[in-house]
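Take a look at the structure below.
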């Protein structure tokens, strides 16, 4: 009922912008146009307030105190776990492990699988992965003697499906795939890939760092074994993220770090670990960040992820049309299925010069290799400039972006 | 609109970016070394020819932004004819200028066009990458140099 009411409400970007205090400022004397959302999103007041509220009213350590504040803090912390469970449609809240972010979640899984893989086993990734979904697997391979296999992409920045399939063999013991590329915006057909891998009994991790603010995720429908994301790209604070893992897999996995909160009994002879998810949450966690993540999910749900996605898609379509009018501009990443990322290069102008010159016009974009150096190598560019859109961006901001690009082309002469 | 950027992007910089001097592979170089800025992925290879402790030729190849390309272009021009010691002194002076320390601009000659970079912390390494590479090369390093 509520959802139906939300869905008929028109998308009010002005009202959404009012919820994000940081947007209302000038940079170099120009109104801030924040288009670096794929790096990190801005935070709505509800998230900022949740942090202030926690520190002003409930600050205490969790899971051990019997006093009121500790109980409140524990309740809020565990409520966030339930919110993440709902957001991903996981079967149980036990399947949600809080981590510092997607990177730590991937490392946690890679660390556990390093204990089960052996020499000449293979780990399959794709050529569009972020370094965070490459390096942990390389480290696993170094430890175990396993071999990293990389499924190639085409000129549009799409995964080449038959080549992906051709790389699957009896040796393949794990696969890790991004849901959406941070450098190109390409969205992978993960359901199809998961089904394919499962036909061969290969566990699969989906890196949802980029997808999570744009695409509704249902881990049960997808059937993935692991799904990871960072809160900060989803309007939550930095330093908090989550790992979803199927319960039976998490239960079999070795803990990541040792310490408090991940044990049930410790003697100097032996330690009995806690049950999942606590087995993986050693030490005092990022309690405030976790509560902030819960607040961010509430906020996103209040707007509706489908409505957000439709808005971002219209921005991407408009930006792509406008970008094509600029002769010197080449879009890097033209996948048919694409999220709200416009990566581009300008003929004769290095992305870092673009970045500085855009900043001077109040426009924040990313310039660099986007932690995806192999992607840059594939497209034979040292770096790209990248504009990435979020729920609060407007069509006028796309116009400002294009005008900014025209200005700097003129300055470069 | 972008006039206030002229402190950083002076016309000389655009000129050196469009037409970098000494932009070539030196087949008979006495020494060569790669420089790399892992933060942005910029790379260059620096070549020099020495005669009796003097740099008699310098060139570079690579890919970088306007600031790093202009800096490499200006550097390879200015160090030609200098002794190794003079080039190293100039590196120290350039580094001071790029990081905002007080220096006598006259001592820097043409390199002074890059003085604006100190106002852009994210871009300082663009200007200093060629110089760090030169410094390592003069010190006899063979492994690629990084700015990190």
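The values are calculated or read from the model by the stated rules, or taken from the named source; none is laboratory data. Keep in mind the model is a prediction, meaning the values are calculated, not measured. Cβ sites come from the backbone with ideal geometry, for glycine too, and all protein chains shown count toward neighbours.
For the stretch A:174-193, which residues satisfy the criterion of being crowded, with 21+ Cβ neighbours inside 10 Å and either in contact with a helix residue (DSSP H, G or I) (Cβ under 7 Å, 6 or more places away or on another chain) or free of Cβ contacts under 8 Å to residues at least 40 places away in the same chain (or both)?
A:174, A:175, A:176, A:177, A:178, A:179, A:183, A:184, A:190, A:193
Report, by residue number, each residue of the stretch A:349-405 that is part of a helix (DSSP H, G or I), touching a residue at least 40 places away in the same chain (Cβ under 8 Å), touching a strand residue (DSSP E or B) at 6+ places or on another chain (Cβ under 9 Å) and within 30 Å of residue A:134 (Cα to Cα).
Those that are part of a helix (DSSP H, G or I), touching a residue at least 40 places away in the same chain (Cβ under 8 Å), touching a strand residue (DSSP E or B) at 6+ places or on another chain (Cβ under 9 Å) and within 30 Å of residue A:134 (Cα to Cα): A:353, A:354, A:374, A:375, A:376, A:378.
Report, by residue number, each residue of the stretch A:284-297 that is part of a loop (DSSP other than H, G, I, E, B) and surrounded by 14 or more Cβ atoms within 10 Å (Cβ to Cβ). Explain how you work it out, then say what you get.
Of all residues in the stretch A:284-297, those part of a loop (DSSP other than H, G, I, E, B) come to A:284-286.
Answer for the stretch A:284-297, where residues must be part of a loop (DSSP other than H, G, I, E, B) and surrounded by 14 or more Cβ atoms within 10 Å (Cβ to Cβ): A:285, A:286.
If you go through the stretch B:77-84 one residue at a time, do you hit one that is part of a helix (DSSP H, G or I) and closer than 22 Å to residue A:367 by Cβ?
no
Of all residues in the stretch B:10-20, which are touching a residue at least 60 places away in the same chain (Cβ under 8 Å) and either part of a strand (DSSP E or B) or within 12 Å of another protein chain (Cβ to nearest Cβ) (or both)?
B:10, B:13
Hey, can you tell me all the residues within the stretch A:359-405 that are at the interface with chain B (Cβ under 10 Å from one of its Cβ atoms) and under 19 Å from residue A:30 (Cβ atoms)?
Passing the criteria: A:359, A:360, A:361, A:367, A:403, A:404.
From the set of residues in the stretch B:50-65 that are assigned to a loop (DSSP other than H, G, I, E, B) and within 13 Å of another protein chain (Cβ to nearest Cβ), which is modelled with the highest pLDDT?
B:65
Residue by residue through the stretch B:21-49, note down the ones that are closer than 22 Å to residue B:138 by Cα, within 12 Å of another protein chain (Cβ to nearest Cβ) and assigned to a loop (DSSP other than H, G, I, E, B). Show your work before the answer.
Start the filter on the stretch B:21-49 by keeping residues that are closer than 22 Å to residue B:138 by Cα, which leaves B:21-38, B:42-49.
Checking the rest, the ones that are also within 12 Å of another protein chain (Cβ to nearest Cβ) come to B:36-38, B:42-44.
Hit for the stretch B:21-49 is B:38, nothing else.
Would you confirm whether any residue within the stretch A:332-348 is assigned to a helix (DSSP H, G or I) and over 22 Å from the mean Cα position of the chain (by Cα)?
no
Can you find a residue in the stretch B:117-125 that is away from chain A (no Cβ under 14 Å), touching a helix residue (DSSP H, G or I) at 6+ places or on another chain (Cβ under 8 Å) and without any contact (Cβ under 8 Å) to a residue 60 or more places away in the chain? Walk me through it before giving the result.
The first filter runs over the stretch B:117-125 and keeps only residues away from chain A (no Cβ under 14 Å), leaving none.
No, the stretch B:117-125 has no match at all.
Name the pairs: first residue in the stretch A:254-277 and on the phi > 0 side of the Ramachandran plot, second residue assigned to a loop (DSSP other than H, G, I, E, B), Cβ to Cβ under 7 Å, at least 6 apart or on different chains?
Here the result reads A:259/A:282; A:259/A:283; A:261/A:63; A:261/A:281; A:261/A:282; A:261/A:283, each pair linking the stretch A:254-277 to a residue that is assigned to a loop (DSSP other than H, G, I, E, B).
So which of A:17, A:81 is surrounded by 14 or more Cβ atoms within 10 Å (Cβ to Cβ), touching a helix residue (DSSP H, G or I) at 6+ places or on another chain (Cβ under 6 Å), under 30 Å from residue A:310 (Cα atoms) and not assigned by TED's automatic domain parsing to the domain that holds residue A:237?
A:17
Being in a loop (DSSP other than H, G, I, E, B) and more than 24 Å from residue A:341 (Cβ to Cβ) is the filter here; which residues of the stretch A:28-60 pass it?
Matches in the stretch A:28-60: A:28, A:29, A:59, A:60.
In the stretch B:73-84, what residues are farther than 16 Å from residue B:11 by Cα and touching a helix residue (DSSP H, G or I) at 6+ places or on another chain (Cβ under 9 Å)?
Residues satisfying the conditions are B:75, B:76, B:77, B:78, B:79, B:82, B:84.
Taking residue A:371 as meeting all but one of (1) at negative phi; (2) touching a helix residue (DSSP H, G or I) at 6+ places or on another chain (Cβ under 6 Å), write down the number of the exception.
Going through (1) at negative phi; (2) touching a helix residue (DSSP H, G or I) at 6+ places or on another chain (Cβ under 6 Å) one by one, residue A:371 breaks only (1).
Could you list all residues from the stretch B:43-54 that are farther than 30 Å from residue B:7 by Cβ and buried (at least 22 other Cβ atoms within 10 Å of the Cβ)?
Within the stretch B:43-54, B:47, B:48 meet the criteria.
Any chance the stretch A:160-173 includes a residue that's assigned by TED's automatic domain parsing to the domain that holds residue A:212, crowded, with 19+ Cβ neighbours inside 10 Å and under 22 Å from the mean Cα position of the chain (by Cα)?
Within the stretch A:160-173, none of the residues are assigned by TED's automatic domain parsing to the domain that holds residue A:212, crowded, with 19+ Cβ neighbours inside 10 Å and under 22 Å from the mean Cα position of the chain (by Cα).
Hand me the list of strands (runs of 3 or more DSSP E) wholly inside the stretch A:177-283 holding 2 or more residues that are more than 15 Å from residue A:109 (Cα to Cα).
Because the criterion is at least 2 residues that are more than 15 Å from residue A:109 (Cα to Cα), the strands (runs of 3 or more DSSP E) in the stretch A:177-283 that meet it are A:263-266, A:271-273.
Kindly evaluate residue B:6 against the criterion of being part of a strand (DSSP E or B), within 19 Å of residue B:127 (Cβ to Cβ), within 12 Å of chain A (Cβ to nearest Cβ) and out of contact with any helix residue (DSSP H, G or I) (no Cβ under 7 Å at 6 or more places or on another chain).
No; evaluated as a whole, the condition is false for this residue.
Check residue A:24 against each of (1) surrounded by 12 or more Cβ atoms within 10 Å (Cβ to Cβ); (2) away from chain B (no Cβ under 14 Å) and name the one condition it does not meet.
(1)
List pairs: first in the stretch A:115-142 and assigned to a helix (DSSP H, G or I), second at pLDDT below 95, Cβ under 6 Å, 6+ apart or cross-chain?
Listed pairs, sorted by first residue: A:131/A:371.
Look at residue B:68 and say whether it is away from chain A (no Cβ under 14 Å), surrounded by 18 or more Cβ atoms within 10 Å (Cβ to Cβ) and either in contact (Cβ under 8 Å) with a residue 24 or more places away in the chain or on the phi > 0 side of the Ramachandran plot (or both).
no
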